[in-house]
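Read the structure below first, then the notes.
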Amino acid sequence: MLPKLSFILGGAASGKSLWAENHLLCSGLDPVYLATSRVFDDEIKFKINLHKKRRDSRWLNIEAESDLRQPLSALTASQGVLIDCATMWLTNQMMDGQNLQLAQTELLSALSDCNAPIVVVSNEVGQGIVPDNAMAREFREAQGRLNIALAAQADTAVLVTAGLPQLLKGTLT
């Protein structure tokens, strides 16, 4: 059985999405995939297609680039939802000129109100170099604040490195 909220964190290409997908599938719930990425170049299109190819017909796939409240509110307790990923969602909020603190507050509320167990994937962006421009630094700080808030609200938090999970909070079932 999945907890109400699982938070899966890792670096780029760490295996976090695949680990989160398998974690959700092991629950026996009907899997729902909320995809937050926008297709803005061939590289991201290729990566999205790789993610899609590894998910079979059990998955209900929903594109949710910015508004997660609506699809989350429609889910039932027999479903389990994977949000992949909070980093792309935050990028979309920033690029659309949204108030990031308000967007974060609304996301946390939508997660709390959802009837289905939720697995949120996010990138750890604070372990690299300090970005050389103001926008990148603003994003890094906003992503750090979002990750802290998601981890605080989560029942379970897992760091995935090289495909291996490291439990940070809660239990793995």
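Among the residues of region 34-61, which ones are touching a Phe, Trp or Tyr at 6+ places or on another chain (Cβ under 8 Å) and at pLDDT below 90?
ARG55
Scan region 1-13 residue by residue and report those that are modelled with pLDDT under 95 and touching a Gly at 6+ places or on another chain (Cβ under 7 Å).
Hit for region 1-13 is LEU2, nothing else.
Report every pair of residues separated by at least 6 positions or lying on different chains whose Cβ atoms are under 9 Å apart, first residue within region 25-42 and over 11 Å from ASN61 (Cα atoms), second modelled with pLDDT under 90 and open to solvent by less than 50 Å² (accessible area, probe 1.4 Å).
SER37/ILE44; SER37/ILE48; SER37/HIS51; ARG38/ILE44; VAL39/ILE48
Taking region 116-148 as the region of interest, how many residues are among the polar types (S, T, N, Q) and either loosely packed, with under 15 Cβ neighbours inside 10 Å or in a helix (DSSP H, G or I) (or both)?
Matching residues across region 116-148 total 4.
For LEU82, all conditions in the list (1) surrounded by 20 or more Cβ atoms within 10 Å (Cβ to Cβ); (2) part of a loop (DSSP other than H, G, I, E, B) hold save one; what is the number of the exception?
(2)
Which one of the conditions (1) open to solvent by less than 70 Å² (accessible area, probe 1.4 Å); (2) within 27 Å of THR161 (Cβ to Cβ); (3) not in a strand (DSSP E or B) does GLY97 fail to meet, given that it meets all the rest?
It is condition (2) that GLY97 fails.
Among the residues in region 30-43, are any in contact with a Gly (Cβ under 9 Å, 6 or more places away or on another chain), surrounded by fewer than 19 Cβ atoms within 10 Å (Cβ to Cβ) and more than 22 Å from VAL160 (Cα to Cα)?
Yes: one or more hits.
The values are calculated or read from the model by the stated rules, or taken from the named source; none is laboratory data. Since the model is a prediction, treat every value here as computed from it, not as a measurement. Every residue, glycine as well, gets a Cβ built from its backbone with ideal geometry; the counts of neighbours run over all protein chains shown. Calculation scope for accessible area: heavy atoms of the full protein, side chains included, ligands and nucleic acids excluded. Shrake-Rupley method; radii C 1.70, N 1.55, O 1.52, S 1.80 Å.
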